[in-house]
Amino acid sequence: FDQLFGYAEELINKGLAYVEFSSQEEIRQMRGTLTSPGTNSPYRDTSPKENLKLFHEMRDGKFKEGECCLRAKIDMASSFMCMRDPVIYRVKFAHHHQTGDKWCIYPMYDFTHCISDALENITHSLCTLEFQDNRRLYDWVLDNISIEARPHQYEFSRLNLEYTMMSKRKLNALVTEGHVEGWDDPRMPTISGLRRKGYTPTAIKNFIEKVGVAKRENLIDIQLLEFCVREDLNKVATRVMAVVNPVKLIIENYPEDKEEWLETENNPEDENAGTRQVPFSREIYIEREDFKEEADKKFFRLKLEGEVRLKAGYIIKAERVEKDANGEITTIFATYDEDSRSGSGTEASLRKVKGTLHWVSAKHALPIEIRTYERLFTTEQPDAEKDVDFIQFINPQSLSVTHGFAEPSLKDATLDDHFQFQRIGYYKKDRDSSDETLVFNRTVTLKDGYKP
């Protein structure tokens, strides 16, 4: 702040800045319009000596907020509105987190930006396209003060993603008004939010490389980001079995006191990932949508009198069901082929069936909470219209919470681990997890129809 104040004094001494006592509305009217030039302030020709005295009085707290300001003296007829004597200092009695109450005047962004870049030896100052006109003011300030370094501003298009927005002010409103949990809510387009949802650094970098840098406004398909996430997680995520909408299945001819540990791959995409053992018993959970009492030939999952293979396990056949008073299926009863276990080398184990289901042993099942995140907004560009409140486009179904079961290996999951719930999607353990309840956030679905 001391250096910025000194450069403002230099502009005043050169006759390139003056203290303005007109009201904010009067200043706005003086600037004119896009089709008509501005008019000079009655204070524009005040002497440098008098302006310096007034500026020091501003610093010393002798003026109220809004009573006066410091304006750069440039060109009121400029075709660029930002060059029509912009305000570069204002009176503001505000406590600062670093300087405390030392200052009661503060510099404006356009004055501070270029000088701070120069003081920090910035060479390329990268901005979004809305600052394109302001580059003229950026250069004017540096041209008229005695500073050695000379940074340059370059403008590029903002990274605009479908179904979200990048405005910090509007994102802050989502947080402060309680529409999301916080800045690290997995629905927020923040690094902390993406990390908590399970997006990897590699996936984000790959996405940025695919998008590239443009000089024109664009809207990026959010499915491209999800494709990059899915592509990376397919390589690194550990495969596990979890059931997010469970229904119990009892294998009636499997011994009640028997349990087995079946071997399955951690990640078939990574030859170094190894294998793990999963427990199997008479009672298991499967996905409710993986069973139908009656189905056509295109349904390759379990149906009455139909057969499927349990992943890494046996072939089973559905025999009957049990329902509650509302007609909801509570239990499926099945039988298994004892000789059909995967990898056993028997003729029955080589028998082909069209469907393979994931499952979790009921005896060993780990209860989990599953948070499923959808688009935060119902429209691709929620802040496209300035006069329309973007809050009205918040998707009320952007978060749903269900409860399911997972294999016991997830008990040792860390916040850095990434998992593929087989046949469902990619998930990551959430910081809200406790010893009593493990919480998993859905990072992205297993597949979609996007083609990059």
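The values are calculated or read from the model by the stated rules, or taken from the named source; none is laboratory data. As the structure is a prediction and not an experimental result, all values here were calculated from the model. A quick note on method: Cβ atoms are made from the backbone with ideal geometry, for glycine too, and the neighbour counts reach across all protein chains shown. Just so you know, the surface numbers come from the protein's heavy atoms only, side chains and all, with ligands and any DNA or RNA stripped out. Shrake-Rupley method; radii C 1.70, N 1.55, O 1.52, S 1.80 Å.
Descriptive notes on the structure:
- Apolar share of the accessible surface for region 1-154: 49 percent from carbon plus sulfur atoms, 1.4 Å probe.
- Given Lys317/Lys411; Lys102/Lys168; Lys170/Lys205; Lys14/Lys92; Lys258/Lys317; Lys303/Lys411, the pairs whose alpha carbons are separated by over 21 Å: Lys317/Lys411; Lys102/Lys168; Lys170/Lys205; Lys14/Lys92; Lys303/Lys411
- Cα centroid separation, region 274-321 to region 377-432 (Å): 28 Å
- Secondary-structure-derived ellipticity at 222 nm for the chain, considering helices only, amounts to -6000 deg cm²/dmol, per-run term -39500 (n - 2.57) for DSSP H runs with n ≥ 4.
- Under 15 Å from Lys298, Cα to Cα: aspartates and glutamates that are on another chain or at least 8 residues apart: Glu289, Asp290, Glu307
- The radius of gyration of the Cα set in region 173-323, together with its Dmax, comes out at 21.8, 68 angstrom.
- Mean Kyte hydropathy of 1.6 or more with a Cα span along the axis of at least 30 Å, helices from DSSP in the chain: none
- Here the dipole of the chain is about 840 debye; that uses its Cα centre as origin and unit charges on the Cβ of Lys and Arg (positive) and Asp and Glu (negative).
- Calculated P(r) of region 126-167 - Cα pairs past 18 Å, %: 42 percent
- Whether region 325-452 is rounded, prolate or oblate, judged on the alpha carbon gyration tensor where a/c under 1.5 counts as rounded: prolate
- When the convex hull of its Cα atoms is projected in every direction, mean area for region 309-376 (nm²): 7.9 nm²
- Relative contact order of region 107-176, pairs being alpha-carbon contacts under 8 Å that are 6 or more residues apart, as %: 36 percent
- Solvent-accessible area per residue for region 1-119 (1.4 angstrom probe, square angstrom): 52 Å²
- Put simply, region 88-202 fits an ellipsoid with semi-axes of 32, 21, 13 Å; these come from the alpha carbon gyration tensor as the roots of five times its eigenvalues, largest first.
- q = 0.19 Å⁻¹, region 373-438: log10 I(q)/I(0) [Debye, one scatterer per Cα]: -0.84
- Considering only alpha-carbon pairs that sit under 8 angstrom and 6 or more positions apart, the relative contact order computed for the chain is 12 percent.
- Contact order relative to length of region 411-452, as percent, for alpha carbon pairs under 8 angstrom and 6 or more apart: 32 percent
- Around the amide H of Arg239, modelled in the peptide plane, lie the amide H atoms of Asn267, Gln420, all under 5 Å away and 5 or more residues distant in sequence or on another chain.
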